[in-house]
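> Take a look at the following structure, please.
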Amino acid sequence: MKRILLFLLTNIAVVAVLGIVASLLGVNRFLTSNGLNLSALLGFALIMGFGGAIISLLISKPVAKWSAGVRIINGPDGPQNADEAWIVETVRKLAEKAQIGMPEVGIFEGEPNAFATGAFKNSSLVAVTTGLLQGMTKEEIEAVIAHEVAHIANGDMVTMTLIQGVMNTFVVFLSRVIGYAVDSFLRKGDSNNSGPGIGYYVTTIVLDIVLGFAAAMVVAWFSRHREFRADAGAAQLMGRRQPMMNALARLGGMQPGELPKAVEAMGITGGMGKLFATHPPIEERIAALQNAQG
């Protein structure tokens, strides 16, 4: 709940800073003279940017269950076999160490992978694939689960949503301010300029795409750094680094399963392309653990 409050306060602060900077630079006067109210634009950017991000966070669990076909194994029916009972008990033990509430525990069909999601630390979901259970030792699986529990304990779901919301707000705001500037230049001397013209709409659409890619790079960069922290958190929960290093090495020799886009950044592996990858290379993660203090 504290992180959600921080999320809301940060939203307000970002919009306030944008408003102050725009006023100091004279953007407010420019927008007003061209028929656009700065307060209205900031409100629109807030709704489109942070509004979409927070809704995505709040519905992350049900969307993940539906899109990945997750079956909850610590629900009313309980585990169906010894392996599932062991997974539930492992999550319980690690959650207690991390001082978070017991997550829902799920399993779904697929190649080796796992993810964690949820808006709150005490109301989260940890899910693993059948391929992970079949291709790794119990100690390695425990390390993977510890990695996902560390994501929850670190509040990574809220933090990622916060970063995405900030980026979205900047994209929406800047694309429209620049769109108005371009449209004003193209329609200079036009007496019939009561509203935005084609230059505004074309520029806004193009910049939404271009700036959206730039924002995605920033979010991916943060996600990669967050993975190192979760690896270190897993090592701390396990009491030593070797199990996490072994799990990563094993995953490096496997074909990782694809996760739904909604939870891809919260998986143990995932992301293609260096600039847009949500996870660092396996070799870098192992090296970081090897070089860690303690």
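The values are calculated or read from the model by the stated rules, or taken from the named source; none is laboratory data. All values reported here derive from a predicted model rather than from experimental measurement. Ideal geometry is used to build each Cβ from the backbone, glycine not excepted, and the neighbour counts take in all protein chains shown. Heads up: the accessible areas ignore ligands, DNA and RNA and are worked out on the full protein's heavy atoms, side chains in. Shrake-Rupley method; radii C 1.70, N 1.55, O 1.52, S 1.80 Å.
> For segment 181-193, state whether one or more residues are among the charged types (D, E, K, R), out of contact with any Cys (no Cβ under 6 Å at 6 or more places or on another chain), buried (at least 18 other Cβ atoms within 10 Å of the Cβ) and touching a residue at least 60 places away in the same chain (Cβ under 8 Å).
Checked segment 181-193: at least one residue is among the charged types (D, E, K, R), out of contact with any Cys (no Cβ under 6 Å at 6 or more places or on another chain), buried (at least 18 other Cβ atoms within 10 Å of the Cβ) and touching a residue at least 60 places away in the same chain (Cβ under 8 Å).
> Still on this structure: Is it true that PHE228 is open to solvent by 30 Å² or more (accessible area, probe 1.4 Å), on the phi < 0 side of the Ramachandran plot, at pLDDT 85 or above and in a helix (DSSP H, G or I)?
When the stated conditions are applied, PHE228 passes them.
> Any idea which of GLU140, GLU148 is assigned to a helix (DSSP H, G or I), within 18 Å of GLY106 (Cα to Cα) and in contact with a Phe, Trp or Tyr (Cβ under 9 Å, 6 or more places away or on another chain)?
Working: GLU140 fails: in contact with a Phe, Trp or Tyr (Cβ under 9 Å, 6 or more places away or on another chain).
Going through GLU140, GLU148 in turn, just one is assigned to a helix (DSSP H, G or I), within 18 Å of GLY106 (Cα to Cα) and in contact with a Phe, Trp or Tyr (Cβ under 9 Å, 6 or more places away or on another chain): GLU148.
> Let me ask another. Given GLY110, GLY131, GLY135, which one is in contact (Cβ under 8 Å) with a residue 40 or more places away in the chain, closer than 22 Å to ARG285 by Cβ, of a type outside the set (S, T, N, Q) and out of contact with any helix residue (DSSP H, G or I) (no Cβ under 9 Å at 6 or more places or on another chain)?
GLY131
> Then there's this: Hey, among GLU148, GLU89, GLU139, which residue is open to solvent by 10 Å² or more (accessible area, probe 1.4 Å) and under 21 Å from LEU251 (Cα atoms)?
Just a single option satisfies the conditions, and that option is GLU139.
> A further question on this structure: Restricting attention to segment 95-116, report how many residues are polar (S, T, N, Q) and either assigned to a helix (DSSP H, G or I) or in contact with a strand residue (DSSP E or B) (Cβ under 6 Å, 6 or more places away or on another chain) (or both).
Total meeting the criteria: 1.
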